[in-house]
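So the structure is just underneath, and the comments pick up after that.
The values are calculated or read from the model by the stated rules, or taken from the named source; none is laboratory data. Given the structure is predicted, the values throughout are model-derived calculations rather than measurements. Here Cβ is always computed from backbone atoms with ideal geometry, including for glycine, and neighbour counts include all displayed protein chains.
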């Protein structure tokens, strides 16, 4: 069996492991059942989840069995990790809807089915727990003093940590115990910010079952400056095409800084390392080819070949030939709406290019808005039918954001 540990190490995906030599041997010699948890607080996964999905795919390709845990039970409490305020609690109906969306997106990376990947909602066991029994079986093994040293709790103590959130580590640890008992799951994976929670589960299984289980965290997706990737002016970069269009998704990766492109190719694609080694020597304009490869490969994984090719074609039509492609983000506008002219700020709002007129005013004043390569110099400009060619025009915001307005 292929040793996936070497693959993950070579691609720079691993951050920390609990028993390195033992884990390497297990992943080489045995079929391991492992799990990764997903917090269902939105109806789509986003770029921040991408590394989890890639690790699951690498592991399954190497013969191991993934379990995707949807935190329907833990979401009723809320993970305090990385948060300065208590999370909004969701209803079970909202959680189930979000879980269904996740499975559809995860299915593009891993194969679900009998003896293949599983998706399980931890609400199945957490919501049935008797609290006193839970405290006696699980709570007795946790030291409050030790828990308070965990980064996920330390960062919240100044603003206040609710008792319900304090239970989160116990509940996530119990997930590992439950999965070990019922599915022989011996391996928990997660982002590096989950290290303390993973250690809690490993210790709980050791104390209650007298078994050795293992944990591994992977690199958080950050740029060369250490900042998390996956954010734009419009918010998160989502995997749902209704939230972030395939074209916008493609453009996000096409525009990553030069310093980050090779790291993203290692972490987020299945391109062979030998090919990436050659790219490491590229400079200047050659790096644009690497960015195109990154954008295409990542868009293909998330949205499929057809959408990746459309996004690529749209980008090339726009930047290579100066044309307006039908595959770029588009807002349809009734012809009547421009009969008397529509103010540029109102048009930007309709297209979703600005969050407010104040932001639009700033952009125009700074020369950040153009229509068909003509810079807009006044917020009083009215856009009427004479601006449209073949009933379409292209708005350019800043240097990289393009949006088509189509009359219907």
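Rundown of residues vs (1) at pLDDT below 90; (2) part of a loop (DSSP other than H, G, I, E, B); (3) crowded, with 19+ Cβ neighbours inside 10 Å, yes/no style:
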site	(1), (2), (3)
156	yes, no, yes
159	yes, yes, no
170	yes, no, yes
175	no, no, yes
Per-region count, region 134-154, residues in a helix (DSSP H, G or I), surrounded by 15 or more Cβ atoms within 10 Å (Cβ to Cβ) and modelled with pLDDT under 70: 2
Of all residues in region 205-236 being touching a residue at least 12 places away in the same chain (Cβ under 8 Å), over 15 Å from the mean Cα position of the chain (by Cα) and not in a loop (DSSP other than H, G, I, E, B), the one that is nearest to residue 351 (Cα to Cα): 217
Index of the failed condition, residue 260 passing every other in (1) assigned to a loop (DSSP other than H, G, I, E, B); (2) out of contact with any helix residue (DSSP H, G or I) (no Cβ under 7 Å at 6 or more places or on another chain): (1)
Residue within region 46-65 that is over 28 Å from residue 253 (Cα atoms) and either in the same structural domain as residue 244 (by TED's automatic domain parsing) or in contact with a strand residue (DSSP E or B) (Cβ under 9 Å, 6 or more places away or on another chain) (or both) present: yes
Flag if residue 239 is farther than 26 Å from residue 355 by Cα and either in contact (Cβ under 8 Å) with a residue 12 or more places away in the chain or surrounded by fewer than 18 Cβ atoms within 10 Å (Cβ to Cβ) (or both): no
